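For reference, the structure discussed in these notes is given below.
The values are calculated or read from the model by the stated rules, or taken from the named source; none is laboratory data. This structure is a prediction, so every number in the text was calculated from the model and none was measured. We place every Cβ from the backbone using ideal geometry, glycine too, and count neighbours over all the protein chains shown.
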Amino acid sequence: MVVLKDETASIRSSDDIVRVRRIVREWAVSLGFSLVDQTKVVTAASELARNVIDYGGGGDFRIEALNNDARRGLRLTFSDEGPGIVDLEQAMKDGFTTGGGLGLGLGGAKRLVNEFMIDSKPGRGTTVVVVRWKNL
Amino acid sequence: MERIPILKMGRFLLVTIQVDMHDRLAMTLQEDLTDRIVKDHAHGVLLDISSLEIVDSFIGRMIGHIAGVSRVLDAKTVVVGMRPAVAITLVELGMTLDGVSTALNVDTGMAMLSASLEEREQLNGGSQR
Amino acid sequence: MTEQHSKVAQLLRKHERDILQQWLSYQISATTMRADLIKESDLREQSRRFLQLLTEVVQQNGDDENAGSWRSVKDMLAEVSRSRVAQGFSPSETATFVFSLKQPMFDMLRREVRDVEELGREIWMTTSLLDKLGLYTTEAYLQSRESIIARQQQELMELSTPVVQLWDNIVALPLIGTLDSERTQVVMENLLEKVVETGASIAIIDITGVPTVDTLVAQHLLKTVAAARLMGADCIISGIRPQIAQTIVHLGINLADIITKATLADAFAIALQRTGAKVTRLSGKE
């Protein structure tokens, strides 16, 4: 698998969420994603970027264009050094947040992408990596 | 500070969201709208999202919030113009927007608001605010 | 190695006409010959060219299978494969083009090479070479077939999923054929776009022409209905045949709040009612 190009950005405020959306949109368009696929991956990015701010206290974003055997895709990495997630399984469940859990963020975002990986330990921060392939 | 314009159309308020909203803007909109519903004795709110290419859970919650607040203030909210790609994504996200009425476009949305207003007036014996 | 190769090359050049003649007669008399699909003159031409290119490959003792002479013979075989696919040959019939050359080559080698060990080597090399090329032909054939199938699938998808407007505010999507996950998604997106275009408040999805519905397809259908609702339109699913109804219940799929009707006609009637339209019969007199 080859990484064609990458870009990073920091996520500190809600303005950065808009910026992340714009970057992901541009890249998705240039990779030739269908409109629905674009919408899905940009929305997933929005959810994950928001989590970085709401629960991570700010963090970083990286986007990479992938080429795997003639299949093109986007890999997004969201990382923060916040408090981490105590109960990962619970966090992945859907449900409106009452101020406690992570609401729709993770579970929903997972359904919008093809690959979803999360690494989080209390006290060690959280890293979420997602991949959306073109035409999959 | 930029704000999203709220237009008065008869007894309803029309809000057209045309920008990729950041959080502050969304908060301001909710506040402005609440004020205006009371000030203008509005009976309904038409929320036009036909320009929105992305509706994430935050915006979704905002929409639900607006619908909730207006209901308490005896106004009905109708969301119009949701794009297919957005609808498909919201379904995948798991957002059902329960309690939010939707219509395809401003025309049908207006018709819906008018019909609902008529219904309510009949119930109230034709009284006006 | 070089010596051996050039020997075969030499022999090929010397006996080209004979080998070609023999090879052709083998091909024509073989059970895989499809005289109905290809003219003898075309076959002759193809065989002649192949022999020529083969001689060059052997001559140059090319080990690099991507270099010049190999490239030429491979390209030629790819072309032959493509045309055979289009003409309706089977993969074996196509590969026989190359494999049938073995017999005349072996015959020639047996006549010309005296030394037993050398003969063994030459036959082995020839057979390896022709095996490689024969297999390449089959691969090229498969690739050609696959791209034709992909194109046909695309066309079929486009043809079989039209969205029709039945009346003001009412559109219908008559689905025909087996639905796979990919096609269903495309079709559903199409439906939603049409709903926006026509401003329809009711979309009827008719699945009379769908033989089976599995969980994945059912999920897509349900998601489409949910999406349409979010947009402000309602869906009615019609044409659910008994078997499909059983499958749906068996799979535990919940159609709770979706209107379902047995026929498209019933669905249309309901749709008219809900959109405030009515169909009346004119009186008998003109």
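State all residues of the range B:55-90 that are outside any helix (DSSP H, G or I) and surrounded by 23 or more Cβ atoms within 10 Å (Cβ to Cβ); if no residue qualifies, say none. Quick ask: steps written out before the conclusion?
Our first condition is that a residue be outside any helix (DSSP H, G or I); within the range B:55-90, this holds for B:55-56, B:73-83.
Selection gives B:V55, B:D56, B:A75, B:T77, B:V78, B:V79, B:V80, B:G81, B:M82.
Is it the case that B:A42 is over 11 Å from the mean Cα position of the chain (by Cα), aliphatic (A, V, I, L, M) and within 18 Å of B:A115 (Cα to Cα)?
On the way: over 11 Å from the mean Cα position of the chain (by Cα): yes; aliphatic (A, V, I, L, M): yes; within 18 Å of B:A115 (Cα to Cα): yes.
Against the criterion (over 11 Å from the mean Cα position of the chain (by Cα), aliphatic (A, V, I, L, M) and within 18 Å of B:A115 (Cα to Cα)), B:A42 qualifies.
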Select, from C:T127, C:T178, the only residue that is surrounded by fewer than 16 Cβ atoms within 10 Å (Cβ to Cβ), touching a Lys or Arg at 6+ places or on another chain (Cβ under 7 Å) and away from chain A (no Cβ under 14 Å). C:T127
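Quick one: which of C:R71, C:R34 is modelled with pLDDT under 85 and assigned to a loop (DSSP other than H, G, I, E, B)?
Result: C:R34 is the single residue among C:R71, C:R34 that is modelled with pLDDT under 85 and assigned to a loop (DSSP other than H, G, I, E, B).
Please work out if C:Q273 is more than 29 Å from B:V86 (Cβ to Cβ), part of a helix (DSSP H, G or I) and either in contact with a Ser or Thr (Cβ under 9 Å, 6 or more places away or on another chain) or in contact (Cβ under 8 Å) with a residue 40 or more places away in the chain (or both). Before you say what the answer is, go through the steps one by one.
Values: more than 29 Å from B:V86 (Cβ to Cβ): yes; part of a helix (DSSP H, G or I): yes; either in contact with a Ser or Thr (Cβ under 9 Å, 6 or more places away or on another chain) or in contact (Cβ under 8 Å) with a residue 40 or more places away in the chain (or both): no.
Here the answer is no, as C:Q273 does not meet what is asked.
Restricting attention to the range B:19-50, which residues are assigned to a loop (DSSP other than H, G, I, E, B), touching a Ser or Thr at 6+ places or on another chain (Cβ under 9 Å) and within 14 Å of chain A (Cβ to nearest Cβ)? First the steps, then the outcome.
Quick first cut of the range B:19-50, residues assigned to a loop (DSSP other than H, G, I, E, B) only: B:19-22, B:40-43, B:49-50.
This time we only want the ones that are touching a Ser or Thr at 6+ places or on another chain (Cβ under 9 Å), so: B:19, B:22, B:42-43, B:49-50.
Within the range B:19-50, B:V19, B:H22, B:I49 meet the criteria.
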Somewhere in the range B:104-118, is a residue of a type outside the set (G, A, S), more than 22 Å from C:V195 (Cα to Cα), more than 11 Å from chain C (Cβ to nearest Cβ) and surrounded by fewer than 17 Cβ atoms within 10 Å (Cβ to Cβ)? yes
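Just the residues that are touching a residue at least 24 places away in the same chain (Cβ under 8 Å) and under 28 Å from A:G105 (Cα atoms), please, taken from the range B:20-44. Lay out the reasoning, then the answer.
Start the filter on the range B:20-44 by keeping residues that are touching a residue at least 24 places away in the same chain (Cβ under 8 Å), which leaves B:20-21, B:23, B:26, B:28-30, B:32-34, B:36-38, B:40-44.
Scanning the range B:20-44 gives B:D20, B:M21, B:D23, B:A26, B:T28, B:L29, B:Q30, B:D32, B:L33, B:T34.
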Count of the range B:63-85 residues which are more than 7 Å from every other protein chain (Cβ to nearest Cβ), of a type in the set (A, V, I, L, M) and in contact with a strand residue (DSSP E or B) (Cβ under 9 Å, 6 or more places away or on another chain): 7
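Determine which member of the set C:L251, C:L230, C:L255 is in the same structural domain as C:S201 (by TED's automatic domain parsing) and surrounded by 19 or more Cβ atoms within 10 Å (Cβ to Cβ).
Numbers: C:L251 fails: surrounded by 19 or more Cβ atoms within 10 Å (Cβ to Cβ); C:L255 fails: surrounded by 19 or more Cβ atoms within 10 Å (Cβ to Cβ).
After ruling out the rest, the residue left standing is C:L230.
Per-residue answers, yes or no, for (1) in contact with a His (Cβ under 8 Å, 6 or more places away or on another chain); (2) hydrophobic (A, V, I, L, M, F, W, C); (3) more than 11 Å from chain B (Cβ to nearest Cβ); (4) surrounded by 19 or more Cβ atoms within 10 Å (Cβ to Cβ):
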site: A:A9; (1), (2), (3), (4): no, yes, yes, no
site: A:S34; (1), (2), (3), (4): no, no, no, no
site: A:A44; (1), (2), (3), (4): no, yes, no, yes
site: A:E47; (1), (2), (3), (4): no, no, no, yes
site: A:I53; (1), (2), (3), (4): no, yes, no, yes
site: A:F61; (1), (2), (3), (4): no, yes, yes, yes
Considering every residue within the range A:55-70, establish whether at least one is farther than 30 Å from B:A87 by Cβ, among the hydrophobic types (A, V, I, L, M, F, W, C) and out of contact with any Cys (no Cβ under 6 Å at 6 or more places or on another chain). yes
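Specify which of the listed residues (C:L191, C:L179, C:L216, C:L175) is among the hydrophobic types (A, V, I, L, M, F, W, C), out of contact with any His (no Cβ under 7 Å at 6 or more places or on another chain) and under 21 Å from B:L104 (Cα atoms). Steps first, please.
Details: C:L179 fails: under 21 Å from B:L104 (Cα atoms); C:L216 fails: under 21 Å from B:L104 (Cα atoms); C:L175 fails: under 21 Å from B:L104 (Cα atoms).
That would be C:L191, the only listed residue that is among the hydrophobic types (A, V, I, L, M, F, W, C), out of contact with any His (no Cβ under 7 Å at 6 or more places or on another chain) and under 21 Å from B:L104 (Cα atoms).
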If you take the residues in the range A:56-72 that are assigned to a strand (DSSP E or B) and among the charged types (D, E, K, R), which one is nearest to A:G123 (Cα to Cα)? A:D60
Just to check your reading of the model, which residue among C:L135, C:L156 is modelled with pLDDT of 90 or more and either in contact with a strand residue (DSSP E or B) (Cβ under 7 Å, 6 or more places away or on another chain) or of a type outside the set (S, T, Y) (or both)? C:L135
Only one of A:G32, A:G57, A:G84 that is over 19 Å from A:A109 (Cα atoms) and without any contact (Cβ under 8 Å) to a residue 60 or more places away in the chain: A:G57
Just one listed residue, out of C:S147, C:S92, is without any contact (Cβ under 8 Å) to a residue 12 or more places away in the chain and not hydrophobic (A, V, I, L, M, F, W, C), and it is C:S147
Quick one: A:D80 ticks every box in (1) more than 14 Å from chain B (Cβ to nearest Cβ); (2) in contact with a strand residue (DSSP E or B) (Cβ under 9 Å, 6 or more places away or on another chain); (3) surrounded by fewer than 20 Cβ atoms within 10 Å (Cβ to Cβ); (4) not small (G, A, S) except a single one, so which number is it? (3)
Within the range B:86-97, which residues are small (G, A, S) and more than 8 Å from chain C (Cβ to nearest Cβ)? B:G94
